[in-house]
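Encoded as structure tokens, the structure appears first; notes follow it.
The values are calculated or read from the model by the stated rules, or taken from the named source; none is laboratory data. Since this is a predicted model, take the numbers as computed values, not measurements. Here Cβ is always computed from backbone atoms with ideal geometry, including for glycine, and neighbour counts include all displayed protein chains. Side chains are part of the model used for accessible areas, which takes the heavy atoms of the whole protein and leaves out ligands, DNA and RNA. Shrake-Rupley method; radii C 1.70, N 1.55, O 1.52, S 1.80 Å.
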Amino acid sequence: MRLDVFTLFPDAFTWFSQQPHVARARELGVALNLWDYRVHTPLRHGQVDDAPYGGGAGMVLRIDVICAALEGVFGGDAVDVRLARRVVELTPRGRQLDDALATELATGDLCVLCGRYEGIDERVAQLVTDRVSIGPYVLSGGEIAAQALLDAVVRKIDGAVSNPESVAADSFSPGLGGACEYPHYTRPAEFRGWPVPAVLLSGDHAAVERWRRERLGSGEPPPHQD
Ligand code: 6GU
């Protein structure tokens with residue numbers, strides 16, 4: 001499996017690419033490649049963007065720059081890149097990322113296009129299979145969104161997360177019926193008069209299971225206990 005990320009800021013991915021589950025995925029044969037649009041631009045002076053037609057604020061990443069980067073990395077015609085892999089544009093105008101989409105994107109090669117400035121020229125639609133947003137708010141660029149997406153995707157790769165039970169029990173996964181995970185506690189059993197729910201200390205596994213099941217999907221604070 002290969003993950004190819006196109007960005008103006010490859011350094012933004014340094015921390016992410018060093019995370020244990022990402023490192024483990026790489027040991028399992030997953031290639032994480034970071035590509036800088038500027039390295040492949042056919043324009044002089046490393047130009048990658050231009051003013052929007054019709055006027056208005058900001059700059060737009062040029063479609064010829066995107067095509068040149070895809071062709072420089074994959075060879076062939078940029079429109080054919082998506083024949084062999086999902087090609088995702090990160091954009092606030094895209095379909096909202098969820099667990100099901102992350103699972104889908106983890107099944108094969110994946111190419112991710114990050115935008116900056118006001119985004120990518122709309123004709124990028126000719127090159128992509130998916131346009132994905134991570135939520136209804138605007139970020140300054142696609143890099144943080146891409147890392148959110150890639151983190152969710154890498155967690156779905158068999159063996160990337162050391163304890164498979166923790167992925168099976170992840171919030172929103174089919175294993176939890178799409179619910180949020182139950183709340184977790186650890187030592188100390190009491191702190192500032194804030195107790196851990198007694199059932200978790202009881203050693204009664206069936207009661208613990210029942211308590212957790214009852215709390216799936218609840219983002220509410222735990223009931224106060226005297
Ligand atoms: Cl994918 N990109 C940007 N720039 N902002 C976003 C987003 C993506 N998803 C939510 N906000």
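Numbers for the structure displayed
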quantity: Residue in region 62-70 that is more than 16 Å from the ligand (Cβ to nearest atom), over 30 Å from residue 20 (Cβ atoms) and either of a type in the set (Asp, Glu) or not assigned by TED's automatic domain parsing to the domain that holds residue 17 (or both) present; calculated: yes
quantity: Test set (1) open to solvent by 20 Å² or more (accessible area, probe 1.4 Å); (2) of a type in the set (Gly, Ala, Ser); (3) outside the structural domain of residue 88 (by TED's automatic domain parsing) - residue 148 fails condition number; calculated: (3)
quantity: Residue within region 48-64 that is touching a helix residue (DSSP H, G or I) at 6+ places or on another chain (Cβ under 7 Å), among the small types (Gly, Ala, Ser) and at pLDDT 95 or above present; calculated: no
quantity: Considering residues of region 75-116 that are away from the ligand (no atom under 15 Å from the Cβ) and of a type in the set (Gly, Ala, Ser) only, the residue farthest from residue 31 (Cα to Cα); calculated: 100
quantity: Selection status of residue 140, within 16 Å of the ligand (Cβ to nearest atom) and not in a helix (DSSP H, G or I); calculated: yes
quantity: Residues (in contact (Cβ under 8 Å) with a residue 12 or more places away in the chain and aromatic (Phe, Trp, Tyr)) located in region 22-62; calculated: 35, 37
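Per-residue answers, yes or no, for (1) more than 15 Å from the ligand (Cβ to nearest atom); (2) β-branched (Val, Ile, Thr):
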site: 118; (1), (2): no, no
site: 147; (1), (2): no, no
site: 154; (1), (2): yes, yes
site: 174; (1), (2): yes, no
site: 179; (1), (2): yes, no
site: 194; (1), (2): yes, no
site: 198; (1), (2): yes, no
site: 203; (1), (2): yes, no
site: 208; (1), (2): yes, yes
